[in-house]
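The values are calculated or read from the model by the stated rules, or taken from the named source; none is laboratory data. Owing to the predicted nature of the structure, the values given are computational and were not obtained by experimental measurement. Cβ placement follows ideal geometry from the backbone for every residue including glycine, while neighbour counts extend to all protein chains displayed.
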Amino acid sequence: MALESVRVPEVGESVTNGTIATWFIEPGSTIEAGQPLFELATEKVDSEVPSPLSGTIVELLVPSGGLVSVGDVVLTIDTSGEATDAPLATDESSAAVQEEGEAPKRSRRERRRSSGPGLDGAPPLPPMPGGASRQNAAPSVSYATPGENDTFVAFSRIRSVTGRIVAESNATVPHALSMVEVDHTAVMAARAAVVEQGRKAPTALAFVAVAIARALRDHPVLNSSVGDGGLVMRGHINLSFAVDTPDGLVAPVIKRADQLTVEGMADAIVDLARRARSKGLGPDDMTGGTFSISNNGSVGSVLTAPVITPPQVAVLSTDKVVDRAVVIEREGTKSIAIRPIGNLALSWDHRAMDGADAARFLVQVKDILETTKWSIVG
C-alpha cells in the first residue's frame, strides 16, 4: 500500500478556510486524477476540488459539514493499485458518504440538501476570527418563534453571508449617499444603431460600467480600500457586479475593467451572470474587487441606497431608465422634452472622502454617458 495525503488546496486570494459541503467519493472507491473529490464551500464561492492523484480512497478524515483550512489533510488515497479496506473518520461522516453512494445520479443541488442544515442544505459557515460563531456573532438578538400557521425557512449559506457582511458594513462604515440623474439619449442612440445592423445591442449597464471605470482613473480615492489608519490605493480597476441568483446575491469581479470596450464589458457581464447562476464561478472570479456596481434597475427600482462591501469605499447603483419630461436648453432657449432618464446613486465611505469628492466622480460619470459619441463596431 502506498498512502498519499490530499490537502485542501488554495482556492483564491484571501480565502483561508471553508466547509466540506459534499463528498463525491467514499472509502474503497477508485478515483482518477482530475475527478471531483468534494465540494468546498467558502464565503466567496462554492467549488469542486479535483483529485491530484489516481488510486483507491482509503479514509475520509473530515465529515460532510466539517470546517477545514487551506493545507489541511482531508483524505488519504492508496496509489499502489491494491484493494483496501478503508474506515471513515466518524459514524456521522460514514452515513453521509453512504448516502452519497446510494444516490450517485442525484443532482449536485440535491446532494447538497442532504449534507447539512439550511435552505439548500448549506453547511455551517467557517468560524470568525477570534473563535466567535458566525451564527451567533451578535451579542443580543431577538428572534421570532414560529406560530401555529407559520412556516420556518432556514437561511441559505449565501443569505447568511450576505446578512453578516451587510450588518458589519452598516455597523462600521459611515455611509453617505449622493445621486445624479443621467440622460441616456446618447446611450440609447448607440444601442439603436447596433440593432439596426441586425446585431444584439449591449445593455445600458455595459455603458454605465465603462463610464465608471474611465472615471475611476481620475478619482483613485473611489477605487481605494480602507487600511489600518489610511487608504490602500489600488493599482488596478476591478469592478464587482452584484448578481441575483436563486441562492442569493453574489458579486463576481471583472478585472482591469478600464481596459474594456463597451462590447467587451457587455460580454464579460453576460459571462459572469451566466456562470454565477449556473454555479460555474471559481474562487478567482470572486476576489480582487475594488469598486462595486449594483444594477437594481433591471428589476424596476428607480432609486437604491446600496450598502458598501468593506474594505471597498464605494458602491454605485444604476437604476431603471424611464422617460421623463425634462428642461432642455439650446442656444439660450429652454424647452421641455421627453428624455430617457436614470438615477445613479453612490454610497460612499465618509472616512475615505467628502461629499465634493463623491459629487465630482458622479458628475464625470454622468458627463461620459451623456456626451460620448459611442461607436459600437461590428
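Annotations
- Residue within the stretch 285-292 that is β-branched (Val, Ile, Thr) and modelled with pLDDT of 95 or more present: yes
- The stretch 1-16, subset among the hydroxyl-bearing types (Ser, Thr, Tyr) and modelled with pLDDT under 90, residue surrounded by the most Cβ atoms within 10 Å (Cβ to Cβ): Thr16
- Residue list for the stretch 198-230, restricted to those being touching a residue at least 24 places away in the same chain (Cβ under 8 Å) and among the acidic types (Asp, Glu): Asp218
- Some residue of the stretch 340-351 being assigned to a helix (DSSP H, G or I) and either buried (at least 18 other Cβ atoms within 10 Å of the Cβ) or in contact with a Ser or Thr (Cβ under 9 Å, 6 or more places away or on another chain) (or both): no
- Here the stretch 175-210 is the region considered, the condition is being of a type in the set (D, E, K, R) and surrounded by 15 or more Cβ atoms within 10 Å (Cβ to Cβ), and the residue that is nearest to Ser292 (Cα to Cα) is Asp183.
- Residue in the stretch 2-11 that is on the phi > 0 side of the Ramachandran plot and in contact (Cβ under 8 Å) with a residue 24 or more places away in the chain present: no
- Top-ranked residue of the stretch 308-326 - restricted to ones that are hydroxyl-bearing (Ser, Thr, Tyr) and touching a residue at least 60 places away in the same chain (Cβ under 8 Å), ranked as surrounded by the fewest Cβ atoms within 10 Å (Cβ to Cβ): Thr309
- The residues of the stretch 216-235 that are assigned to a loop (DSSP other than H, G, I, E, B), in contact with a helix residue (DSSP H, G or I) (Cβ under 9 Å, 6 or more places away or on another chain) and more than 30 Å from Ser160 (Cβ to Cβ) amount to a single one, His219.
- Arg330 being over 30 Å from the mean Cα position of the chain (by Cα) and assigned by TED's automatic domain parsing to the domain that holds Ser225: yes
- Screening Ala242, Ala268, Ala213 for residues that are within 22 Å of Arg164 (Cα to Cα), in contact with a Leu (Cβ under 8 Å, 6 or more places away or on another chain) and surrounded by 17 or more Cβ atoms within 10 Å (Cβ to Cβ) leaves exactly one candidate, Ala242.
- Of the residues making up the stretch 236-258, those that are touching a residue at least 24 places away in the same chain (Cβ under 8 Å) and more than 23 Å from Ala305 (Cα to Cα) are His236, Lys255, Ala257, Asp258.
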